[in-house]
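The values are calculated or read from the model by the stated rules, or taken from the named source; none is laboratory data. Computed from a predicted model, the values in this text were never measured in an experiment. Cβ placement follows ideal geometry from the backbone for every residue including glycine, while neighbour counts extend to all protein chains displayed. Each accessible area value is taken on the protein alone, full model and side chains, heavy atoms only, with ligands, DNA and RNA left out. Shrake-Rupley method; radii C 1.70, N 1.55, O 1.52, S 1.80 Å.
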Amino acid sequence: MSAKQTFRVGKLSEKLDAARVPLSPVVKANGFVFVSGQPPLDAKTGELVGGDIETQTRAALDNVKLCLETAGSALDKVVKCNVYVTNIAYYDRVNAVYAEYFPTEPPARTFAAVASWPWEFDIEIECVALA
């Protein structure tokens, strides 16, 4: 069994620290990489990305990709994603963007609607990948 390794991810970690959110954006353990739910934050500034659900989905998936790469993994190694949205009516629009990031052999996935988060955004995406 390998040791647990946590990673800091630039402005994403700084935003979590400033908000006093007790989590690691990405953890590697036992051959897997676990990416915490990624909201649509701008990875360069740490600020929320507004706009339509497509823009927010791209920002969230870009953060997932950044977290995976920080831990030495990649999108093509993702085995499971969970997608959480504030409105189930976003399903088709999110899928169109999601398919750009997972064009072949997409991972297993859950897509669920939630009430809200402490910050104003409409999507959060988490995943598990092979290391």
Check your understanding: If you go through the range 51-102 one residue at a time, how many are of a type outside the set (Lys, Arg), open to solvent by 20 Å² or more (accessible area, probe 1.4 Å), out of contact with any Asp or Glu (no Cβ under 8 Å at 6 or more places or on another chain) and not in a helix (DSSP H, G or I)?
Key -> 5
Practice item. Identify, from the list Thr70, Thr57, the residue that is closer than 18 Å to Trp117 by Cα and among the hydroxyl-bearing types (Ser, Thr, Tyr). Key: Thr57
Practice item. Filter the range 34-50 down to residues that are open to solvent by less than 60 Å² (accessible area, probe 1.4 Å) and either touching a helix residue (DSSP H, G or I) at 6+ places or on another chain (Cβ under 6 Å) or farther than 16 Å from Gly72 by Cα (or both), then give me how many there are. Key: 11
Check your understanding: Taking only pairs six or more apart or across chains, which ones have beta-carbon atoms under 9 Å, a first residue in the range 18-41 that is within 18 Å of Asp122 (Cβ to Cβ), and a second residue that is basic (Lys, Arg) and surrounded by 13 or more Cβ atoms within 10 Å (Cβ to Cβ)?
Key -> Pro40/Arg58; Leu41/Lys11; Leu41/Lys15
Practice item. Go through the range 106-120 and give me each residue that's farther than 15 Å from Gln38 by Cα, part of a loop (DSSP other than H, G, I, E, B) and either among the hydroxyl-bearing types (Ser, Thr, Tyr) or in contact with a strand residue (DSSP E or B) (Cβ under 9 Å, 6 or more places away or on another chain) (or both). Key: Pro106, Pro107
Review point. Is there a residue in the range 73-88 that is over 21 Å from Thr104 (Cβ atoms) and in contact with a Leu (Cβ under 9 Å, 6 or more places away or on another chain)?
Key: no
Check your understanding: If a residue has to be part of a helix (DSSP H, G or I) and surrounded by 11 or more Cβ atoms within 10 Å (Cβ to Cβ) to count, how many in the range 1-32 make the cut?
Key -> 8
Review point. Which of the residues belonging to the range 35-50 are in a loop (DSSP other than H, G, I, E, B) and touching a Pro at 6+ places or on another chain (Cβ under 6 Å)?
Key: Val49
Practice item. Looking only at the range 103-131, count how many residues are in contact with a Leu (Cβ under 8 Å, 6 or more places away or on another chain) and surrounded by 11 or more Cβ atoms within 10 Å (Cβ to Cβ). Key: 5
